[in-house]
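Participant: Sharing a structure, written as structure tokens. Questions coming.
Each value in this text was obtained by applying a stated rule to the coordinates, not by laboratory testing. Every value quoted in this text rests on a predicted model; they were computed, and no experiment measured them. FYI the Cβ positions are ideal-geometry reconstructions off the backbone, even for glycines, and counts take in every protein chain you see.
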Amino acid sequence: MKNTPSTAELLQKVQALVRPERLAHILRVAELAREIARNNGLDGEKAYLAGLLHDAARDLPEAELRRLAPPENPVEEAHPLSLHGRAARALAREWGVADEAVLEAIEGHVYGVDPSNGLGMALYIADISEPGRGVNGEIRELALAGRLAEAYRKAVRNKVEYLTAKGVPVHPKTLAVYHSLNAP
Ligand SMILES: [Fe+2]
């Protein structure tokens, strides 16, 4: 059993794998995820950790992504870059992160998490709405106002409707989350 690594150690590991502008995004996401988590009665430090790790694999070569997270369905096969969530989860595990909710949040920032995972929802919203993106301000404000579930439902619905309108196949996990959020 590995010792739990410190946040500073993890930051160093992430820093070694990503471009500087990616690191800036990662730090903005981590801070926003912490704030969203706290405002919704969740563990802010865990949300920060998930934010710090979520894009650790985002700048890796495709071959490395496929090694860390072999594609599991046609959508993943068609979009190998989208493997970076599960690949980051694999890296986080290698680095000694064992908290299942944090690992789920990291993986789920690409395709979505079950609505039972508050940390995952906080990270998902932080990623799509951090100020550097310049979009989704309304969803960010909802989440910061303590209305995380509502913000998440909106975010997932927007994504599914956007992809569907463009005729792009939606990942099965995203569809499952969408249907669970919109079940009567
Ligand atoms: Fe990402």
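Participant: Name the pairs: first residue in the stretch 96-110 and within 15 Å of residue 42 (Cβ to Cβ) and among the aliphatic types (A, V, I, L, M), second residue within 11 Å of the ligand (Cβ to nearest atom) and part of a loop (DSSP other than H, G, I, E, B), Cβ to Cβ under 9 Å, at least 6 apart or on different chains?
Facilitator: Sorted first by the residue in the stretch 96-110, then by its partner, the pairs are 105/54.
Participant: Moving to a separate point now. Looking at the stretch 40-51, which of its residues are part of a helix (DSSP H, G or I) and either more than 14 Å from residue 124 (Cα to Cα) or away from the ligand (no atom under 12 Å from the Cβ) (or both)?
Facilitator: Scanning the stretch 40-51 gives 44, 45, 46, 47, 48, 49.
Participant: Could you grab me the full set of residues in the stretch 148-169 that are in contact with a helix residue (DSSP H, G or I) (Cβ under 9 Å, 6 or more places away or on another chain) and of a type in the set (Lys, Arg)?
Facilitator: 153, 154, 157, 159
Participant: How do the helices (runs of 4 or more DSSP H) wholly within the stretch 52-168 filter down when requiring 1 or more residues that are closer than 25 Å to residue 27 by Cβ and within 15 Å of the ligand (Cβ to nearest atom): which remain?
Facilitator: Values: elements: 62-68, 74-78, 84-94, 100-111, 118-129, 137-144, 148-166.
Of the helices (runs of 4 or more DSSP H) lying wholly inside the stretch 52-168, those with at least 1 residues that are closer than 25 Å to residue 27 by Cβ and within 15 Å of the ligand (Cβ to nearest atom) span 62-68, 84-94, 100-111, 118-129, 148-166.
Participant: Would you mind telling me which numbered condition in (1) assigned to a helix (DSSP H, G or I); (2) away from the ligand (no atom under 16 Å from the Cβ) residue 26 fails?
Facilitator: Of everything listed in (1) assigned to a helix (DSSP H, G or I); (2) away from the ligand (no atom under 16 Å from the Cβ), residue 26 misses just condition (2).
Participant: Go through the stretch 47-67 residue by residue and tally those that are in contact (Cβ under 8 Å) with a residue 12 or more places away in the chain and surrounded by fewer than 19 Cβ atoms within 10 Å (Cβ to Cβ).
Facilitator: 4
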